[in-house]
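> My structure is below; once you've seen it, I'll send some questions.
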Amino acid sequence: MSARESAIAALHSRLVTALAIRNPAPLVLRGETIPQRIAPGGIVVVRDGEAVEETPILSPLAWQIEHRAEVEITVAGATPAARNTMLDALLVDVAAAITANRTLGGTVEWAQPGSAAFEDVEFEGAAAARAAAIPVTLWFTVAGSPLA
């Protein structure tokens with residue numbers, strides 16, 4: 001498993017564990033399309049994202065990688081206020097889960113959640129849903145090739 005894959009898997013695992021205590025718990029997925037039905041606790045999807053910067057370290061040869069994953073959160077509710085309240089609570093819980101263990105169990109050197117971008121979305125069978133995307137920057141070092 002590559003360092004990038006390990007980092008993203010650790011982020012996903014951290015969110016699954018941290019958000020499982022919510023009632024109702026959100027459905028936490030990795031790299032999947034959002035289901036047509038939104039779970040009562042919402043849906044959280046971890047996306048792989050992209051490498052932002054790769055910096056060589058020459059002695060010994062290694063690469064410092066800055067990778068930006070994305071955490072998408074989607075919630076449904078009867079009213080805009082209900083959707084906003086639920087989304088805000090999930091955003092706080094996601095940020096708290098990441099900042100409580102910045103190394104994601106030693107998989108990365110540092111994990112940093114960014115500012116959320118919001119949008120209203122329409123779903124089949126739901127009047128409306130509210131979504132947010134949070135960039136999560138992961139820093140880690142790999143020996144040899146940056147593709148390792």
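> Let me confirm something: among Glu66, Glu32, Glu72, Glu122, which residue is more than 21 Å from the chain's Cα centre (by Cα) and of a type in the set (Asp, Glu)?
Result of the check over Glu66, Glu32, Glu72, Glu122: Glu122.
> Any chance you could count how many residues in the stretch 42-63 are within 16 Å of the chain's Cα centre (by Cα) and of a type in the set (Gly, Ala, Ser)?
Qualifying residue count for the region: 3.
> Something else now. Name the single residue, out of those in the stretch 58-75 being surrounded by 12 or more Cβ atoms within 10 Å (Cβ to Cβ) and of a type in the set (A, V, I, L, M), that is farthest from Ala25 (Cα to Cα).
Among those residues, the one meeting the criterion is Ala62.
> Has the stretch 100-118 got at least one residue that is at pLDDT below 95 and within 21 Å of Pro35 (Cα to Cα)?
Within the stretch 100-118, one or more residues are at pLDDT below 95 and within 21 Å of Pro35 (Cα to Cα).
> Continuing with the same structure: Check whether at least one residue in the stretch 16-31 is part of a helix (DSSP H, G or I), within 23 Å of Asp120 (Cα to Cα), at pLDDT 95 or above and not small (Gly, Ala, Ser), and report yes or no.
Yes, some residue in the stretch 16-31 is part of a helix (DSSP H, G or I), within 23 Å of Asp120 (Cα to Cα), at pLDDT 95 or above and not small (Gly, Ala, Ser).
> Identify all residues within the stretch 76-88 that are touching a residue at least 12 places away in the same chain (Cβ under 8 Å) and under 21 Å from Val28 (Cα atoms); write none if there are none.
Matches in the stretch 76-88: Ala76, Gly77, Arg83, Asn84, Met86, Leu87.
> Taking Leu138, is it in contact with a His (Cβ under 8 Å, 6 or more places away or on another chain) and either surrounded by 18 or more Cβ atoms within 10 Å (Cβ to Cβ) or in contact (Cβ under 8 Å) with a residue 24 or more places away in the chain (or both)? It would help to see each step written out before you state the result.
Numbers: in contact with a His (Cβ under 8 Å, 6 or more places away or on another chain): yes; either surrounded by 18 or more Cβ atoms within 10 Å (Cβ to Cβ) or in contact (Cβ under 8 Å) with a residue 24 or more places away in the chain (or both): yes.
Answer is yes for this residue.
> As an exercise: evaluate Ala78 against (1) surrounded by fewer than 17 Cβ atoms within 10 Å (Cβ to Cβ); (2) within 17 Å of Val142 (Cα to Cα); (3) out of contact with any Asp or Glu (no Cβ under 6 Å at 6 or more places or on another chain); (4) not basic (Lys, Arg) and give the number of the one condition it does not meet.
Going through the list (1) surrounded by fewer than 17 Cβ atoms within 10 Å (Cβ to Cβ); (2) within 17 Å of Val142 (Cα to Cα); (3) out of contact with any Asp or Glu (no Cβ under 6 Å at 6 or more places or on another chain); (4) not basic (Lys, Arg), Ala78 breaks only (2).
> When both residues are 6+ apart or on different chains and their Cβ atoms are under 6 Å apart, which pairs have a first residue that lies in the stretch 97-123 and is touching a residue at least 40 places away in the same chain (Cβ under 8 Å), and a second that is part of a loop (DSSP other than H, G, I, E, B)?
From the stretch 97-123, the pairs are Ala111/Arg102; Ala111/Leu104.
> Does Arg47 count as closer than 14 Å to Thr74 by Cα and among the basic types (Lys, Arg)?
The answer is yes for Arg47.
> Go over the candidates Thr74, Thr85, Thr141, Thr103 one by one and state the one that is touching a strand residue (DSSP E or B) at 6+ places or on another chain (Cβ under 8 Å), outside any strand (DSSP E or B) and of a type in the set (Val, Ile, Thr).
Thr103
> Which number in (1) on the phi > 0 side of the Ramachandran plot; (2) in contact with a Gly (Cβ under 8 Å, 6 or more places away or on another chain); (3) not acidic (Asp, Glu) marks the one condition that Gly42 misses?
So Gly42 meets the others, but not (2).
> Still on this structure: Confirm whether Ala3 is buried (at least 17 other Cβ atoms within 10 Å of the Cβ) and either among the basic types (Lys, Arg) or over 17 Å from Pro113 (Cβ atoms) (or both).
Details: buried (at least 17 other Cβ atoms within 10 Å of the Cβ): yes; either among the basic types (Lys, Arg) or over 17 Å from Pro113 (Cβ atoms) (or both): yes.
So Ala3 passes the test.
The values are calculated or read from the model by the stated rules, or taken from the named source; none is laboratory data. Values in this document were obtained by computation on a predicted structure and should not be read as measured data. Backbone-built Cβ (ideal geometry, glycine too); neighbour counts: all protein chains shown.
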